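Below is one structure, written out as structure tokens; the observations come after it.
The values are calculated or read from the model by the stated rules, or taken from the named source; none is laboratory data. Everything numeric here is computed off the predicted structure, so don't read it as measured data. Ideal geometry is used to build each Cβ from the backbone, glycine not excepted, and the neighbour counts take in all protein chains shown. Surface accessibility is based on the protein's heavy atoms, side chains included, excluding ligands, DNA and RNA. Shrake-Rupley method; radii C 1.70, N 1.55, O 1.52, S 1.80 Å.
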Amino acid sequence: MIEGFINNLPMITILVHAAIPLTIILVYALVAIWGERKIAGFIQDRLGPMRVGGWHGWAQSIADLLKLIQKEDILPKDASRFLFRFAPFMMFAASYAAFAVIPFSSSYIGSNINIGVFYLLAVTSVLTLSVIMAGWASNNKWSLLGGMRSAAQMVSYEVPTIATVLTVIVVSGSLNLMTVTEMQSGNDILGFLPNWFIFQNPFLIVAFIIFFISILAESHRVPFDLPESESELVAGYQTEYSGMRWAMFMLAEYADMLLLSLLGAVLFFGGWNSPFGEFMGGPAWGFFWFMLKGLLLVFVMMWIRWTLPRYRVDQLMHICWSILIPLSFINLVLVALWEVIFN
Amino acid sequence: MKKPEEILEYLNQKFGEDQLTLERGDIGEPWILVPASMIRDLSKFLRDDSELRFDMLMCLSGLHYLKEEELGVVYHLHSTKLDHYVTLKVRVPVEEPEVPSVESIWKTADWHEREAWDMVGVVFDKHPNLKRILLPDDWIGHPLRKDYVQQEFYQGIPTGE
Amino acid sequence: MGMLDKKYHDSNIIIVGLESALNWARKNSLWYEQFGLACCAIEMMATAASRYDFDRFGIIPRSSPRQADVMIVAGTVTMKMASRIERLYEQMSEPRYVISMGSCSNCGGPYWEHGYHVLKGVDKVIPVDVYVPGCPPRPEALLEGFLKLQEKITGETIIFKKNEADKKPETA
Amino acid sequence: MVEILDNIDQREMVINMGPQHPSTHGVLRLELVLDGEIIKKVTPNIGYLHRCFEKYAEQMDDYSKVIPYTDRMDYVSAINQEHGYVLAMERLLEIDVPERVEYIRVIMAELQRIASHLLGIGAFGLDLGAFTPFLYCFTEREKILDIFERTTGARLLYNYMAVGGLMKDVHPEFKTDTADFLKTFRPKIKELNDLLSYNDIFIKRTANIGVLPKQVAINYGASGPVLRGSGVQWDLRKNDPYSIYEKFDFEIPVGMGEMGTLGDCWDRYIVRVREMEQSLRIIEQALDGLPEEGDVTEAVPKRIRPKNGSIYTRSESPRGELGYYIESNNSASPYRVKARAPSFVHLGMLPAISKGSLIADLVAIVGSIDIVLGEVDR
Amino acid sequence: MLTDFGYILLFIITGSLFVGVALLVAKLIRPDRPNDIKLMTYECGEIPFGNARIQFNNRFYIIGLMFLIFEVEILLLFPWAVVFKDIGWFAFAAMFVFVFLIFIGFVYELGKGELKWDLPAPVIPGYAEGVGVIENGNEIEETAAKDPAAVIND
């Protein structure tokens, strides 16, 4: 029995290797849901969860998760059975598969493939599919409207996302996320600034702003949260889902939010490179810096959610097609021009 | 700023002497009693005449007079431009509660008349869709009638305690 | 047939431990269905606002009945609304509770005598767990109603007892 | 409903924005015929909260027993409902009311107007997705409810006014409490303006939506902020002054079409915000003029038996013109009490002003006409 | 020992495995008492009528087409972006021509108004002296004359 254990030791390490991002996402999701309610409470000068599990209700999301496990899972009679069940699988599997290429620290990356960015963008467009599937399958007018809106929104906002990611590829010259991060180590711009891409090329700041707006739309955050807008479409494409299946959608949404923030951190803010060069450089510190940058972006998303109202569908499309896309292409040309002239 | 009496003389010149009478209770404000058949073209005249310009129908309420076996409809009109008020009252026997609808003249009358039909049972002819507005469509009887008896069960749910 | 449907005869340590954990979770994350009928709905909104914050107890509004645990019947239930309330209650997913808020939904309230269109108490249509008296009840009374419901949930058991008392409504 | 189903072609969808919906401000059902997301036809369905107010008024054996039921009609502005009914009774019985009672009634009515507008504005922001202004407005509203609670004992439905006076006098620190509230509330309106009124997304979502032309508003019998939003200079406190409103000077804010065409959702919203400032001015002047002595219950008649006759009196409730038509036949119980509710009339206009808009606009239009279902269904 | 893409397959499997295990555990614990009212689709408390699956009209087709053009464009730009640093000016010139051509097509598309999504064409009720409120039917023709794409040609 022990030999069996030893010679398939690598199999265990592989399984553990694949499960690390899973634990990161689960812990992050629990903390993020509790954090969002605390931040909302702080912004609206109320307390947020307090009573559950002692100090400041830290166990609130655990209670929510455990309760959702006990909730009955209703499969409406005239919903199409297979698609209704398959939508959460596809959604979470797609967003989790994208975590394979995120370089969490210099010593850990899911799989170091050399077309990392390309693969990541391909997989996130599968999310659009699963949202439409959920909307259409539950045969409910509200979810159909939610699904159709999200079809238009996520499809259109992929173009500016990819265009801005392209500007970074122009500067970095490689698709492998690990090499992209390695290129941003050290800090010799103007002496003290860490040479992250956002400081290397002025037009990349414009690219980051466009990128941030489009990932807000990609992960259905206010002011673009039309697919499951609370006040118009009851609960959008999630109307018919209940219990653990709905929890999967919630988890996938938060995971998608983290994924796109981490992508932004890798491309623009130098992944696991610490802002002080070699001072706090090692792989463990790298992971800390990387998660800090990602969570900062997630915090800004939450902050925006509790301040701004929501756009209408046609205004949303107008922003994307008439402002973001032309701007991102012009920005692409300018970045290329700047690269050619200066280095 | 016309008084109800002046408005009545002005109308009498137009519609003939015997039709309209000014009545006054012991207390409160006077009203003009109008025969049911005349109400629509009287209202059109009240709204479009340059002297009167009653462009706002403030309130339309249905009543049931048990002793006289009659249904009443009260119109309160107001002119925003010339700032004067008038109250019209129409009384029809309970057996054939037909009153011409003024919905085409003041759009607000649409819902008020549906409510009068729902509550008191006054039928407004040429009203676009005279259906019950407050009570469910399969409700029996008109509740604001003085002799209304409440139904025991509605779709199996007891209405009493 | 999930575990929560069955009643276990032997109450060993695992079942008791699991049951208290499940009850603790259900107790601490009661999501109420966001719809109000009348004046009590304004007090429900005031309870959800900053001063009497619901969120401290982990209570957040959910607009679709599929994801809601508690249905707060806040206001007067009329005859026309009774069938809708019944359907909404049925469409909620299973471990669900009802708080009847305000004397209108408790027993018809000020409209019990001549209210021909008012349903005299929502328990004629759906089973009620906690009655919150008052017209409208103060936000503290509604919070007290929720605490009473939480006590009731901790009392629920999946172990078969001889004198199995069925759901006895509690007055807050 | 069946006839709608027959004549819609395959691409149109009939949907129920039904009694349970986050943004219908209560139990209102809107049957929408949609093409994609554009609304072809809206039919409001009301009656889910019909609580037989008029039948109750006829069964009560005393005129003053109707007052608790007038509270429950528009439960967001209960004081103004009582004020309307009490004014009608006093005109019917020709009672004149002591000065101190009039002043207290005006202060309470204006405080209630601010509280009601705060709820209307908060709910309007909530419909458009802005969650935080809703809670800021509720925090301010709680301060007003504290003042009401110390005076009348209740938070929402007060039964505070009596025919010819008040149930009881105000609590001793009434003047200082209200003065503190005035001081703290003024900067809060400016904060609300920065957060919501002049927010670019809010303007995009509300300008040029649900346009109600001036003449159509009058023909539909609109009143209050909805009529003023369409540019008609009409406020009962100024044009047809009741109680002691002619003693105070305040302007009537009117929609000017600043952000789009005249009479759109933004105009109706900004009229309510500016009206709150005017109410502050009225309260200030009323607080200075409040006479110290005078028993508030001296003019309350012991038994009310009006001879037969009828009266129609209108007062300016936060939602519009609230009218009471009372008919008496010299007995202790009223023969007929008809309440003309502004929200009932404004909801009647909804199909006309929301044809051809999107669902998101319909939610904004329902929020901008600020209806309360207790008043619509009575 | 797994190749890089093997890891990716492993990630996909663990993702769906996690969802499967979570739903399985939930299936063991949660009660399951379906009755026909509960299984009816939810429509704000009403009985739903008419079917929910209507064919959405053609604005999606236009958006899909436009998306396709840009997706293919970016696809072709990816290899260019990777090697851009080594080639320099020639790469920039080639890209500029390519992007400029598609940009002209895009500007034409914007001008023609095809991308005006679900533009609402509100019908504002009119008022005529002596007639009262008229549900202004011909409003739709007027807006059509001004901006053909604004009104959805049904």
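Positive end of the charge dipole of the protein assembly as shown (Lys, Arg +1 and Asp, Glu -1 on Cβ, about the Cα centre): tell me which of A:I39, C:A48, A:L262 has its Cα farthest that way.
Value: A:L262.
Top mean-square fluctuation among D:I353, D:I15, D:I252, Gaussian network model of chain D, C-alpha springs under 10 Å?
D:I15
Based on the Cβ-Cβ distance from A:A19 to D:E277, what FRET efficiency comes out when R0 is 51 Å, to the nearest 0.05?
Values: r = 60 Å, r/R0 = 1.18.
Efficiency, from the Cβ-Cβ distance: 0.25.
Most mobile of A:N176, A:N187, A:N273 per a Gaussian network model of chain A (Cα springs, under 10 Å)?
Checking each option, the largest mean-square fluctuation is seen for A:N187.
Can you sort A:E253, B:E152 by 1.4 Å-probe accessible area, starting with the largest? It would help to have the intermediate numbers written out before the result.
Values: A:E253 20, B:E152 120 Å².
Output order, biggest surface exposure first: B:E152, A:E253.
Going Cα to Cα from E:K27, which lysines come in below 23 Å? Please leave out same-chain ones fewer than 8 positions away.
A:K67, A:K71, A:K77, C:K6, C:K7, C:K27, E:K38
Under the rule of at least 5 residues apart or a separate chain, name every residue whose amide H is placed under 5 Å from the amide H of A:N195.
A:N187, A:D188, A:I189
Can you tell me the orientation of helix D:78-93 relative to chain D, as the angle in degrees between its alpha-carbon axis and the longest Cα principal axis, to the nearest 10?
Helix D:78-93 sits roughly 50 degrees off the main axis of chain D.
Using θ = phi - 60° and the Karplus curve 6.51 cos²θ - 1.76 cosθ + 1.60, what whole-Hz ³J(HN,Hα) does each residue of region E:119-131 get, with Gly and Pro shown as x?
Computed from phi, the couplings for region E:119-131 are 5, x, 10, x, 9, 8, x, x, 9, 10, 3, x, 10 Hz.
Skipping prolines and chain starts, which residues have an amide H placed within reach, meaning under 5 Å, of the one on D:K41, given they are 5 or more residues away or on another chain?
Placed amide hydrogens put D:V33 under 5 Å from D:K41.
Provide the per-residue ³J(HN,Hα) series for region B:36-43, in order, calculated from phi with Karplus coefficients 6.51, -1.76, 1.60 and θ = phi - 60°, each as a whole number of Hz, with x at glycine and proline positions.
Computed from phi, the couplings for region B:36-43 are 4, 5, 8, 5, 6, 6, 5, 5 Hz.
State, as an integer percentage, the relative contact order of chain A based on alpha-carbon contacts under 8 Å between residues 6 or more apart.
On the way: 501 pairs, mean separation 74.1, N = 343.
Relative contact order comes out at 22 percent.
Can you list residues from other chains, or at least 5 along the same chain, whose modelled amide H is less than 5 Å from the amide H of B:H64?
Here the answer is B:G72, since their amide H atoms fall under 5 Å of that of B:H64.
Over region A:1-70, what relative contact order in percent results from Cα pairs under 8 Å that are six or more residues apart?
Numbers: 32 pairs, mean separation 12.8, N = 70.
Taking the mean separation of contacting Cα pairs over the length of region A:1-70, I get 18 percent.
Can you give the extra length, in nm with one decimal, that the chain gains between E:L9 and E:E109 once fully stretched, where that is 0.36 nm per residue apart less the Cα-Cα distance?
On the way: separation 100, 0.36 × 100 = 36.00 nm, distance 4.05 nm.
Here the segment from E:L9 to E:E109 would lengthen by 32.0 nm.
Report the calculated FRET efficiency for B:D125 and C:C107 (r = Cβ-Cβ distance, R0 = 41 Å), to the nearest 0.05. All intermediate terms of the calculation are to be shown ahead of the outcome.
Numbers: r = 43 Å, r/R0 = 1.04.
Efficiency at R0 = 41 Å is approximately 0.45.
On average, how much accessible surface per residue is there in region C:1-113, in Å², for a 1.4 Å probe, leaving out ligands, DNA and RNA?
Values: 2970 Å² over 113 residues.
Accessible area per residue: 26 Å².
Given an 8 Å cut-off on Cα distances and at least 6 residues of separation, report the relative contact order of region C:48-172 as a percent. Working shown, then result.
Numbers: 182 pairs, mean separation 28.2, N = 125.
Relative contact order here is 23 percent.
From the cross-link list D:K143/D:K168; D:K55/D:K238; B:K107/B:K131, which pairs have alpha carbons spaced over 27 Å apart? Write out the running numbers ahead of the final one.
Values: D:K143/D:K168 21 Å; D:K55/D:K238 33 Å; B:K107/B:K131 16 Å.
Flagged as over cut-off: D:K55/D:K238.
What size of dipole, in debye to the nearest 20, comes out for the protein assembly as shown about its Cα centre when the only charges are +1 on Lys and Arg C-beta atoms and -1 on Asp and Glu C-beta atoms?
Here the size comes out at about 2340 debye.
Could you check which residue among C:E19, C:E113, C:E33 shows the biggest mean-square fluctuation in a GNM of chain C with a 10 Å Cα cutoff?
Fluctuation is largest for C:E113.
Roughly how many nanometres apart are two label points built 7 Å out from the Cα toward the Cβ at A:F276 and C:H114?
8.0 nm
What ranking of C:V132, A:V31, A:V300 comes out by heavy-atom accessible area, probe 1.4 Å, highest first? Let's see the in-between values first.
On the way: C:V132 0, A:V31 85, A:V300 50 Å².
The most accessible residue leads, giving A:V31, A:V300, C:V132.
If you put +1 on each Lys and Arg Cβ and -1 on each Asp and Glu Cβ, how big is the dipole of chain A around its Cα centre, in Debye rounded to 20?
Numbers: 17 positive and 21 negative charges, 146 e Å.
Here the size comes out at about 700 debye.
How much of the DSSP bridge set in the protein assembly as shown is antiparallel, in percent, rounded to the nearest 5? It would help to have the intermediate numbers written out before the result.
Working: 60 of 81 bridges.
Roughly 75 percent of the DSSP beta bridges within the protein assembly as shown come out antiparallel.
Using θ = phi - 60° and the Karplus form 6.51 cos²θ - 1.76 cosθ + 1.60, what ³J(HN,Hα) does each residue of region C:40-49 get, whole Hz, x for Gly and Pro?
4, 5, 5, 5, 5, 5, 5, 5, 7, 7
Of the accessible area of region B:4-158, with the probe set at 1.4 angstrom, what percent is carbon plus sulfur? Provide the component values of the computation, followed by the final result.
Values: 3270 of 6140 Å².
After summing per-atom areas, the C and S share lands at 53 percent.
Taking the Cα-to-Cβ direction at B:E6 and at D:R186 and moving 7 Å from each Cα, how far apart do the two end points lie in nm?
4.4 nm
So how much slack lies between E:K85 and E:F49, counting 0.36 nm per residue of separation and subtracting their Cα-Cα distance, in nm?
Numbers: separation 36, 0.36 × 36 = 12.96 nm, distance 6.07 nm.
Once the chain is fully extended between E:K85 and E:F49, it gains 6.9 nm.
B:T108: accessible area at probe 1.4 Å, nearest 10 Å²?
10 Å²
Suppose accessible area is computed on protein heavy atoms with a 1.4 Å probe; arrange A:R51, A:R310 from highest to lowest.
Details: A:R51 140, A:R310 10 Å².
So the residues, ranked largest to smallest area, are A:R51, A:R310.
For A:C320, tell me the accessible area in Å² from a 1.4 Å probe, rounded to the nearest 10.
Solvent-accessible area, nearest 10 Å²: 0 Å².
Would you kindly find the accessible area of A:D188, with a 1.4 Å probe and non-protein molecules such as ligands, DNA and RNA excluded, rounding to the nearest 10 Å²?
Around 110 Å² of this residue is reachable by solvent.
Rounded to the nearest 10 degrees, what's the angle between the helix D:359-369 long axis and the longest principal axis of chain D, both from Cα atoms, 0 to 90?
That works out to roughly 20 degrees.
Roughly what would the spin-label model give for B:L33 and C:H9, points 7 Å off Cα along C-beta, in nm?
8.6 nm
Can you give me the span-like helices of chain A, meaning DSSP H runs with 30 Å or more of Cα extent along the axis and Kyte-Doolittle mean at or above 0.5? Walk me through the numbers before you get to the answer.
Working: long enough: A:9-43 (49 Å, 1.67); A:116-137 (32 Å, 1.85); A:141-172 (46 Å, 0.92); A:243-269 (38 Å, 1.43); A:283-305 (33 Å, 1.45).
Sorted by number, the helices that extend far enough and score high enough are A:9-43, A:116-137, A:141-172, A:243-269, A:283-305.
Summing +1 for each Lys or Arg and -1 for each Asp or Glu, what net charge is found among the other residues whose Cβ lies under 12 Å from the Cβ of A:Y311? Spell out each step's value before the answer.
Working: positive: A:R149, A:R221, A:R310, A:R312, D:K204, D:R205; negative: A:D225, A:E232, A:D314, D:D200.
Taking every Cβ under 12 Å from that of A:Y311, the sum is +2.
With Cβ to Cβ distances under 13 Å as the rule, what net charge do the other residues near B:E68 carry (K, R +1; D, E -1)?
Values: positive: B:K67, B:K89, B:R91, B:K146; negative: B:E69, B:E70, B:E95.
Overall, the nearby charge balance is +1.
Tally Lys/Arg at +1 and Asp/Glu at -1 over every other residue whose Cβ is under 9 Å from the Cβ of D:Q215; what's the total?
-1
Per DSSP H run of n ≥ 4, the term is -39500 (n - 2.57); total these for the protein assembly as shown, divide by its residue number, and report the mean residue ellipticity at 222 nm rounded to 500 deg cm²/dmol.
Details: 41 runs with 587 residues, N = 1208.
Rounded to the nearest 500, it is -15500 deg cm²/dmol.
Measure nothing but the geometry: give the 0 to 90° angle between the long axis through the Cα atoms of D:99-127 and the longest principal axis through the Cα atoms of chain D, rounded to 10°.
On a 0 to 90 degree scale, this one is about 20.
For the pair A:L334 and E:I29, what calculated FRET efficiency results from E = 1/(1 + (r/R0)^6), where r is the Cβ-Cβ distance and R0 = 51 Å, to the nearest 0.05? Working shown, then result.
Details: r = 57 Å, r/R0 = 1.11.
The computed FRET efficiency comes out at 0.35.
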